[in-house]
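The values are calculated or read from the model by the stated rules, or taken from the named source; none is laboratory data. All values derive from a computational prediction rather than experimental measurement. Quick reminder, even Gly has a Cβ in these numbers, built from the backbone with ideal geometry, and neighbours come from all protein chains shown.
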Amino acid sequence: MLKKAALIIFTLTFFILSACSPNQQRLNGDIQETTESLREIPTFLTRSDKDTRDTYKKLYEYEDVLKEIPTYEEGPYKNVFETFFYKENADGTLVWNNHALKSGELLAIGRDASNLAKSGTGLADIQKQIEKKYSGEYGADDPRRNFK
C-alpha cells in the first residue's frame, strides 16, 4: 500500500513538473514564461488567436500607462501590465504572464487603455474612463456587460 502511494505521488509530481518548459514557472496558478525578447512569443500564446497574440505584443508599448491601471480584481498583481508581462530582467529577457488570457476583462482593459493612449488621451483621462467602464459590480466576463 505504501509503495502504491509513493508511486502515485511520484507520478503526479512528474506530470506537474513536466507541464512547464524550462523557461516557464508557475506563480499563483499562472504561467510566467521567459523569452529572449518581445519578438519571441511564449508557448502559452501560440494556442491563442492572432488578435490576442497581437494584443499582448502591442500592450508592451504602453507599459507606462498600463502600470497605472489597477486590475479591478483580487489577486497578486498590482496593475494591468503585470497580468500580461510579469517583468523585464536586467539581461533584457522578458517574463510574460498568462494571467490576462484567463480574463476577458483584462484583455479588454488592455485594449481600451492602449487605444486611448494611442489616440492621445492623457493618463488621468484614461484612468477615469477605464475605471468608469470596468470597476463596479459586473466584470467583463459577466453576460450583463459587453466590453468588446
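Restricted to the range 24-40, and to residues that are part of a loop (DSSP other than H, G, I, E, B) and under 14 Å from the mean Cα position of the chain (by Cα), which residue is modelled with the lowest pLDDT? Out of the qualifying residues, it is 28. For the range 70-88, the count of residues that are closer than 24 Å to residue 119 by Cα, part of a helix (DSSP H, G or I), modelled with pLDDT of 90 or more and polar (S, T, N, Q) is nonzero.
If you go through the range 123-144 and keep only what is within 19 Å of the chain's Cα centre (by Cα), of a type in the set (A, V, I, L, M, F, W, C) and either over 13 Å from residue 80 (Cβ atoms) or at pLDDT 60 or above (or both), you end up with just 130.
Regarding the range 41-56, can at least one residue be identified that is loosely packed, with under 10 Cβ neighbours inside 10 Å and either modelled with pLDDT under 75 or in contact with a Cys (Cβ under 7 Å, 6 or more places away or on another chain) (or both)? The answer is no; no qualifying residue exists. Answer with yes or no whether residue 120 is at pLDDT 90 or above, assigned to a loop (DSSP other than H, G, I, E, B) and surrounded by fewer than 17 Cβ atoms within 10 Å (Cβ to Cβ). It is true that residue 120 is at pLDDT 90 or above, assigned to a loop (DSSP other than H, G, I, E, B) and surrounded by fewer than 17 Cβ atoms within 10 Å (Cβ to Cβ).
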